[in-house]
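What follows is calculated from the coordinates using simple rules that are stated; it is not laboratory data. The shown structure was predicted, so the numbers you read here are calculated from the model rather than taken from an experiment. Cβ coordinates were reconstructed from backbone atoms using ideal geometry, including for glycine residues, and neighbour counts include every protein chain displayed.
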Amino acid sequence: GLGWAPGCTGHDLSKCSCSDLKALISAPHCPVDQSACLTAGNCPAGCPNLAAQVVTWLASVNAKAKNVKFSTLSFDGEDGGESATAWALCQFKLLGDELGIPEVGMAKSIAAGPQSPGVTYTMPETYWYMGELWPCTGDQWQLKEKPPVCTTQSSYRSFVDKAWPFLNWLNISDKVMQEKPGFPSLIDNIRWVKTNAPGKAVIPMFSFEGLSLKSCFATHFSAGVKNVSDICGTFDGFSFWQWETFKEFMIYFADAFQVDEVGIYDLQFIPPYWFDNKAFGPNDDCKASAR
């Protein structure tokens, strides 16, 4: 039907053949605002194809890369909008298999479990969902005013560089500071995937945002960009930890929750002191190496 890529007829990946890959990739007639045609139910055949365009672009970069290449892509389910629906996941997966980018990941709330069709791994966002930030909520007033509750008084800064005590604190805050604790659902999803979904994974994700940081990777490489007051984050998170103690925390967490991988969010928040030389490289030289 309208809104599906060619050959895609439902949520079941086995029924979503998308056999006409050329039509899916090129489709120059797809409107810029593809969500509008979905709402109206009048998308041209082969549209929307935003997911297909993303995969095709990554494949074009790989074609020119000499050494390191993309093998996976991931996106935020909250901001993904139409890209988190079945037709897009189908395009991500099937085109990825065809073009050499076989893994697709989606970030979502701490209760996020395996997604289908097409998602290889799910990344539950632990931050905001463990009770550890309350009453910081990331609203517009807090982003502008940077109150202590979101900055100097955040639990991440109170326990800075204290990996094991902070993990213990999270177990407490998750139980008593939320109407519905997040850890039980996270643990249930981790266990379910291991038993019932070989080839898929649940990768808990932590954030090293820094609302009160004066400099981060994004500000350094965004010279001249306006309205960057919150570009380093929406709260003070792990960015104020040393890299070694942050890594220690992730190891403790991975062991406690029996996961092989822990994700970190996001490249733009990296502070300068996490680099080997404690500083960013010049804007035209990306040779500075993060640990």
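Pairs spanning more than 30 Å between alpha-carbon atoms, out of K66/K194; K69/K194; K175/K200; K69/K175; K146/K175; K108/K194: K66/K194; K69/K175.
Quick check: residue separation of K247 and Y273 times 0.36 nm, minus the Cα distance between them. What number comes out in nm?
Values: separation 26, 0.36 × 26 = 9.36 nm, distance 1.46 nm.
Once the chain is fully extended between K247 and Y273, it gains 7.9 nm.
Descending by average beta-carbon neighbour count within 10 Å, the peptides 214-221, 106-113 line up as 106-113, 214-221, the highest first.
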